[in-house]
């Protein structure tokens, strides 16, 4: 039974009409082999297996073999992700991917439980509530991290450069991100911290810029994208456009023609060409890298801090007939220079290693922000 179900699944879902070509004998043989392996597992494995879960694992294995960001979501998880706004689930405030079979933190979002607990970009989560992550899928790990608001979760972490494992207990909360913080610093330097690229981020940011420009006191700008895990592509384009008069912002390339697109700035630099410094670190990913990379390529901003994460791909959430869904990479980002961000990231013009991850506006320990302020005062 399991072999029959699996063959039908692979024929109709994974390979589509190509399977029916006479030139695909090798492909047929691989499908038969896969079915044979699972059939023997069903009959001879030491414990009785759940056929449905085994096929789910096979589906997810195909997706996760592609890249760290593609994954399968069973109906339960897919529904919970779609209904987060009801307040039924609490989160930690981290963007994650998979690397080497364990969960890797792309970035903790500033002001969330994960950030407050000291989770860092690049951390590897090896246990969740004392359950080994090794061998689990990304979405299985995500499911383990979700739970009722106010409940706690224990994370066991390995961190590069730290010999001992790190244990963190974090309380789950509803994640409500205030995208933009703004303040006028000394010497009339306008500071803008953008924490994420959600549906209202560019609107919130431009309102702050318009307010600063109306006062006609700002001499320069700092845009802080540290620990910003990214978000919506259109928001990254809008934010970049605020600081450009013309030129390409980003292009996307995929297998389908519809995914091959180029995006350009409209005329009108919102800050009228005033000096701009962008702060980045390893937690700056995806949409953050588009903004920093495009403005660097156009020599419109000085990029200061540490290299970004290197997540240069676009994922689409695709509903499936069983009520589940899959997250699938459909295209990649390319900067105006033609360079891909994937696994490379954006390198700063001025490298300044963070001495603290206290990225609050009034933090005296924020050496990267202090360095940027000194540059703009010269």
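With a Förster radius of 30 Å applied to the beta-carbon distance between residue 66 and residue 210, the computed FRET efficiency rounds to 0.10. One entry in (1) 0.99; (2) 1.16; (3) 1.02 is Rg/Rh (Cα atoms, Kirkwood Rh) calculated from the shown coordinates; its label is (3). Length available on full extension from residue 355 to residue 25: 0.36 nm per residue minus the Cα-Cα distance, which gives 112.9 nm. Each label was represented as a point 7 Å from its Cα along the Cα-to-Cβ direction; for residue 330 and residue 79 these points are 2.5 nm apart. Suppose we keep just the DSSP beta bridges with both residues in the chain; what percent of those would be antiparallel, to 5? Here the share of antiparallel DSSP bridges comes out near 75 percent.
DSSP assigns beta bridges within the stretch 180-377; of those with both partners inside it, close to 55 percent run antiparallel. Extension gain for residue 255 to residue 49 (0.36 nm times residue separation, less C-alpha to C-alpha distance): 70.5 nm.
Calculate how steeply helix 25-44 sits against the longest principal axis of the alpha-carbon atoms of the chain, using the helix alpha-carbon long axis, and give the answer as 0 to 90 degrees to the nearest 10. In the chain, helix 25-44 runs at an angle near 70 degrees to the longest axis. Computed per residue of the chain from DSSP H runs no shorter than four, each worth -39500 (n - 2.57), the mean residue ellipticity at 222 nm is -8500 deg cm²/dmol.
Site pair residue 272 and residue 322 shows an inter-label distance of 6.0 nm when each label is modelled 7 Å from Cα along Cα→Cβ.
Can you pull the Rg over Rh of the stretch 36-170, Cα-only, Kirkwood? Reported Rg/Rh (Cα atoms, Kirkwood Rh): 1.00. For a test of the definition: using alpha carbon positions, the gyration tensor, and the 1.5 limit on a/c, classify the stretch 113-168 as rounded, prolate or oblate. Note, shape of the stretch 113-168 comes out oblate. Distance between the 7 Å Cα→Cβ label points at residue 164 and residue 198: 3.7 nm. Could you tell me which of rounded, prolate or oblate describes the stretch 280-370, using a ≥ b ≥ c as the square roots of the eigenvalues of the alpha-carbon gyration tensor, with rounded for a/c under 1.5 and, failing that, prolate when a/b is larger than b/c and oblate otherwise? Oblate, because a/c is 1.5 or more while a/b does not exceed b/c. When each of the peptides 300-310, 110-120 is scored by how many other beta carbons lie within 10 Å of its residues on average, the order from highest to lowest is 300-310, 110-120. Altogether, the Stokes-Einstein calculation at 25 °C and 0.890 mPa s, with the Kirkwood radius of the stretch 180-377 over Cα pairs as Rh, returns a diffusion coefficient of 143 µm²/s. One chain, two ends: residue 344 and residue 149. Fully extended at 0.36 nm per residue, the span grows by 66.6 nm beyond their Cα-Cα distance. Between the beta carbons of residue 245 and residue 37, assuming R0 = 41 Å, the FRET efficiency works out to 0.10 to the nearest 0.05. Overall shape: oblate for the stretch 260-302, with the ratio a/c of the largest to smallest alpha carbon gyration tensor axis at 1.5 or above and b/c at least equal to a/b.
All of the numbers you see were taken from the coordinates with simple rules; none came from a lab. None of these values were measured; they are calculated from a predicted model. Note: ideal-geometry Cβ built from the backbone for every residue, glycine included; neighbour counts use all protein chains shown.
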